[in-house]
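First the structure, in the form of structure tokens, and then the observations on it.
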Amino acid sequence: MPLKNLLKSLFTVGLAISVSHLAAMTPEIRLPEWQRSKIDISEWQPEQSLLTLRVDIEAPTVQLEKISSRLYLPEALSQDAGKHERPQLKKGERVIFMHQITVKSGFAGWAEIELSAQPAKAEIIGLIKSQHSQKPATAAILEAEAMTIDKPLSFGRSMPLLVREDIAVSTAPEMAFKPEFKFKERQMYLWYPEAGMGKGLTAEGLKAFVGALAAGNFRTAESAGNMLIKKLETSNEPLTLHKENNETFSIPAQIAISLIKANLQTLQAIDTQKTEGLELYIDQMQPGYTRPFMMFNLAALHEVLKNKKAAIAWYEKARQEMPAWPLAQKRLDALK
């Protein structure tokens with residue numbers, strides 16, 4: 001697939017596509033779950049410029065055959081990431097493929113992981129009959145589709161890659177948290193949105209928010225941030241960032257709200273120098289892109305407050321959720 005087509009992909013935080021049905025089917029009638037897959041960035045070694053992507057494929061319900069994983073990279077990286085293959089996965093088994101590539105810090109672009117596997121025809125037909133025994137019409141449609149499976153089916157994911165000295169993460173640069181804020185010499189991650197020449201209440205609020213973050217003005221940042229949140233909740237319209245090259249980047253309202261709240265929660269904890277509020281906020285969060293950065297910030301605050309044991313625990317939690325994180329590992333090594 002041409003990489004230029006990746007630019008047309010819609011980006012959603014926490015994106016994990018696992019296609020388990022044929023494109024020809026209606027959304028209401030799908031093949032049973034015949035595979036599970038997960039793709040993430042597992043390791044980043046800035047000293048060697050080595051980035052490792054991990055692909056986890058499981059055969060939860062039927063045997064899989066002709067399993068393969070192929071990584072396509074932007075032309076700018078000028079390398080073939082290779083193809084991994086396995087002839088068979090029995091029901092209940094899984095396989096892990098590692099794609100290691102050379103990339104310099106500062107890279108931002110898209111990659112595509114193309115996965116394919118062929119479910120065992122007899123087994124998936126048996127599964128269809130079992131799951132749809134009370135729906136003969138649905139079973140008949142699915143069995144007819146299953147009978148056409150004579151080659152591997154494709155699934156996978158298009159994903160953004162952002163590689164910096166401190167971290168490697170699957171996100172667009174416009175949504176990236178940066179460790180540029182320091183509290184008593186401890187780096188913390190905040191989201192610094194680009195504020196261009198947009199017009200209207202949202203644009204003005206965004207400018208005030210960015211300016212307050214840069215100046216470390218907690219009160220102004222809180223006021224502007226809450227105004228933005230209220231506006232986004234009311235309109236549910238995307239937050240549009242105006243970039244220097246006259247391009248724009250839109251962030252869905254709920255995602256923008258989560259980024260703004262992450263900043264406000266961190267700033268409030270710094271202002272009060274108390275950890276309880278931030279801990280409660282993290283406990284209430286669902287797993288996803290934002291949460292590990294809040295864990296890092298909480299760990300840094302515990303460091304400032306001389307709570308070494310708690311700091312180590314929260315840095316470790318952050319790395320469990322986002323392992324390709326040299327700065328978090330550096331902080332852990334310093335504490336241990």
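Here, each number is a calculation from the coordinates, and none is a lab measurement. For clarity, every value in this text was computed on a predicted model and none was experimentally measured. We place every Cβ from the backbone using ideal geometry, glycine too, and count neighbours over all the protein chains shown.
Below is a table of values for the structure above.
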read-out: Derived scalar couplings ³J(HN,Hα) [region 175-185; Karplus, 6.51 cos²θ - 1.76 cosθ + 1.60; whole Hz; x for Gly, Pro]; value: 10, 7, 7, 10, x, 8, 8, 10, 10, 6, 6
read-out: Residues F218, F155 arranged by fewest to most Cβ contacts within 10 Å; value: F218, F155
read-out: Taking N as its residue count, the alpha carbon Rg of the chain over 2.2 N^0.38 Å; value: 1.14
read-out: Between 0 and 90°, nearest 10: helix 201-215 axis offset from the chain longest Cα axis; value: 60 degrees
read-out: Helical contribution to [θ] at 222 nm, DSSP H n ≥ 4, -39,500 (n - 2.57), averaged over the chain, rounded to 500; value: -11500 deg cm²/dmol
read-out: Highest-first arrangement of 95-103, 129-137, 116-124, 259-267, where packing means the average Cβ count within 10 Å; value: 259-267, 116-124, 95-103, 129-137
read-out: Cut-off 20 Å, label 7 Å out along Cα→Cβ of R86, residues of region 45-69 by amide N; value: 52-69
read-out: Loop trypsin sites (Lys or Arg not before Pro), region 302-335, which have at most 10 other Cβ atoms in a 10 Å radius of their Cβ (DSSP); value: K306
read-out: With Cα atoms, 0 to 90° folded angle of helix 136-147 axis to the chain main axis; value: 90 degrees
